[in-house]
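To keep things clear, I will list the structure first and then write my remarks on it.
The values are calculated or read from the model by the stated rules, or taken from the named source; none is laboratory data. Here the structure is a predicted model, which is why all the values come from computation and not from measurement. Note that we place each Cβ from the backbone using ideal geometry, even for glycine, and neighbour counts take in every protein chain shown.
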Amino acid sequence: LYPMVLIANEVMQEGLDLHKSCKRIVHHDLAWNPAQIEQRIGRIDRHGSLLGRLREKDPDVTLDILYPLINRTIDERIFTVVKEREKWLEFLLGAAPKFDDYTLRESEAQPLPREVSDMLKVDLSPLRYPN
C-alpha cells in the first residue's frame with residue numbers, strides 16, 4: 001500500500017522517490033525560491049513516474065500542482081514573487097517571455113463562506129466581570 005495523502009515539510013523536497021505513486025502536489029507552504037518549488041515538483045515529475053505510465057495510456061494526463069491561497073495574505077504575496085522570479089529565470093535562460101503566465105488576476109481567490117468565517121472568528125474584546 002502507498003499513501004493516498006502524504007503531508008511533508010521541506011525535508012521531503014529532496015532525496016525521496018515519490019514519483020512512483022504520486023500525481024498531485026499541493027504547496028501548503030511556499031518557499032521564496034522558485035528552485036525549491038521546482039525541486040518539490042521534481043519529486044513526482046520524473047522518468048519512470050506514475051504520471052509517465054498514465055501518459056502512455058492517455059497523453060492528456062497532467063501533473064496537478066495546486067497552490068491553496070487566501071486572497072490578500074502573505075501566501076498570495078509569496079506566490080506572486082516566486083512566479084515572477086520563475087518567469088525571469090526562464091527568460092534569462094533563453095525562454096521566450098510570457099508575461100501573462102503567472103498572474104493571479106484571472107482567478108481571484110474566492111471569499112470564505114459565511115459559516116466558515118463565523119467558525120474562525122475570535123472574540124478579542126476584554127472580558128467583563130460583574131461588579
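Just checking, how many residues over the stretch 44-59 are under 22 Å from residue 16 (Cβ atoms) and part of a helix (DSSP H, G or I)?
6
Conditions tested, residue by residue: (1) modelled with pLDDT of 85 or more; (2) part of a helix (DSSP H, G or I); (3) farther than 18 Å from residue 31 by Cβ.
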{"site": "61", "(1), (2), (3)": "yes, no, yes"}
{"site": "71", "(1), (2), (3)": "no, no, yes"}
{"site": "76", "(1), (2), (3)": "yes, yes, no"}
{"site": "91", "(1), (2), (3)": "no, yes, yes"}
{"site": "97", "(1), (2), (3)": "no, no, yes"}
{"site": "105", "(1), (2), (3)": "no, no, yes"}
{"site": "118", "(1), (2), (3)": "no, yes, yes"}
{"site": "122", "(1), (2), (3)": "no, no, yes"}
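Can you find even one residue in the stretch 29-38 that is at pLDDT 85 or above, over 22 Å from residue 89 (Cα atoms) and not in a helix (DSSP H, G or I)?
no
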